[in-house]
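For reference, the structure discussed in these notes is given below.
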Amino acid sequence: MAQMSMRDALNQALHEEMERDHRVIVMGEDVAGGSGGTSGNIEAAGGIFGVTKGLKTKFGGDRVIDTPISESAIVGLANGAALAGLRPVAELMFADFVGVSLDQIFNQMAKFRYMFGGKATTPVVLRMAMGAGMNAAAQHSQTIYPMLSAIPGLKVCVPSTPADAKGMMKQAIRDDDPVIFFEHKALYSRKGEVPEGEFLTPFGEAALVREGKDATVVTLGRMVPFAMKAAEKLEADGITVDLIDMRTTSPIDEETILESLSQTGRLVVVDESNPICSIASEVASIAVTKGFHDLRAPVQKITAPHTPVPFARELERMYVPSPNDIEAAVRAVLEV
């Protein structure tokens, strides 16, 4: 299998889907260029993180559209284009800016199919970069997937590997429902194996990335490689864990989580978002309401603190859950 970064895997997915279906269009701030309005080089960057590089040269300005800096306009344009028969992939740059366009998402995009009795669909993919660890401060570092996962009518993806990023992006573009696609900034350059040829990653199917017998660790996004580091340290002491990558937070693969819990009896949930109404809270709720009799210890939640993301590098390091935090939580549930 080919080795590539998550950035290149997403770029490849966009190229393949635009070749396959002429209805797929890409829009957003600097998705076509990115070097500045007077540079004359339209493909200089392909967006702030380089994910859309090469698309405009190949598919033209009618299908790769730079927009004004207006998130509500981008989402409104994507909604209208989808209702008219296109399949837009819209980029909002940083997920933190989604609040500007929340009515277009919360009250419009998510509800069209329901309100029109299934006669209308909104096949929009909203791409947005998230996550702390890049010293980008409080307005450019949040992980807000719990907030959007709570909205009925949306599907929410949080890939952790290049292979899943490609497979899930292709699945998202072909889905007739609106999909929110979160990309962690710290994972764009992370390389991994990506299968050759056509493949899709289905929504609502978590990945069991490591098998063990002593505890279940459920996580997503950047926390997956952190949990892998913790699992490797624990194994040196003879402690093994099931490590589950959720992949999607709406829908959630409850079956895989509960099946693992029934085998291990102990659960640690790792979530980079803030603790109140987090994905960690939702997974803990699933375990308590549907797997209570399998639990041999209280569920441990590892999250960021309930504060904005700090700008100072030292404080940001303290804010983000670490492999040491995960290792300590697993050891704690084993002591009960």
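Things worth noting here:
- For region 139-208, the per residue solvent-accessible surface stands at 33 Å², with DNA, RNA and ligands left out and a 1.4 Å probe.
- Proximal charge balance of residue 231 [Cβ under 15 Å; K/R count +1, D/E count -1]: -3
- Centroid-to-centroid separation of region 130-184 and region 185-210 [C-alpha atoms, Å]: 13
- DSSP finds beta bridges in the chain, and of those with both partners inside it, around 20 percent are antiparallel.
- Ranked by the mean number of other Cβ atoms within 10 Å per residue, highest first, peptides 104-112, 283-291 order as 104-112, 283-291.
- Of the residues 22, 140, ranked by 1.4 Å probe accessible area with the largest first, the sequence reads 22, 140.
- Shown for the chain is the translational diffusion coefficient from the Stokes-Einstein equation, using the Kirkwood radius over Cα pairs, a temperature of 20 °C and a viscosity of 1.002 mPa s: 105 µm²/s.
- Relative contact order (%) - criterion: Cα under 8 Å, at least six apart; region: the chain: 16
- Rounded to whole Hz, the Karplus (6.51, -1.76, 1.60) HN-Hα couplings of region 172-182, x for glycine and proline: 4, 5, 8, 6, 7, 9, x, 10, 9, 10, 8
- Measure of compaction for region 156-314 (Cα Rg per 2.2 N^0.38 Å): 1.05
- The calculated 222 nm mean residue ellipticity attributable to helices in the chain amounts to -9500 deg cm²/dmol, summing -39500 (n - 2.57) over DSSP H runs of n ≥ 4 and dividing by all residues.
- Taken per residue, the accessible surface of region 235-299 reaches 42 Å², heavy atoms only and a 1.4 Å probe.
- For region 210-336, with all protein chains in place and a probe radius of 1.4 Å, 53% of the accessible heavy-atom surface sits on carbon or sulfur.
- In this structure, the residue pairs whose Cα-Cα separation is over 25 Å, taken from 53/191; 170/290; 233/301; 229/301; 185/229, are 170/290.
- Using the Stokes-Einstein relation with a Kirkwood hydrodynamic radius computed over Cα pairs, the translational diffusion coefficient of region 240-336 at 20 °C and a viscosity of 1.002 mPa s comes to 151 µm²/s.
- Listed peptides 177-188, 230-241 appear in the order 177-188, 230-241 once ranked by packing, highest mean of other Cβ atoms within 10 Å at the front.
- Estimated D of region 1-136 in µm² per second, where Rh is the Kirkwood radius over Cα pairs and Stokes-Einstein applies at 4 °C, 1.567 mPa s: 83
- Formal net charge of residues neighbouring residue 43 (Cβ-Cβ distance under 9 Å; K, R +1; D, E -1): +2
The values are calculated or read from the model by the stated rules, or taken from the named source; none is laboratory data. Just so it is clear, the structure is predicted and the values come from calculations on it, not from any experiment. Because the Cβ atoms are built from the backbone with ideal geometry, glycine has one as well, and the counts that use them run over all protein chains shown. The protein model used for the area step is the full one, side chains on, heavy atoms only, and it has no ligands, DNA or RNA in it. Shrake-Rupley method; radii C 1.70, N 1.55, O 1.52, S 1.80 Å.
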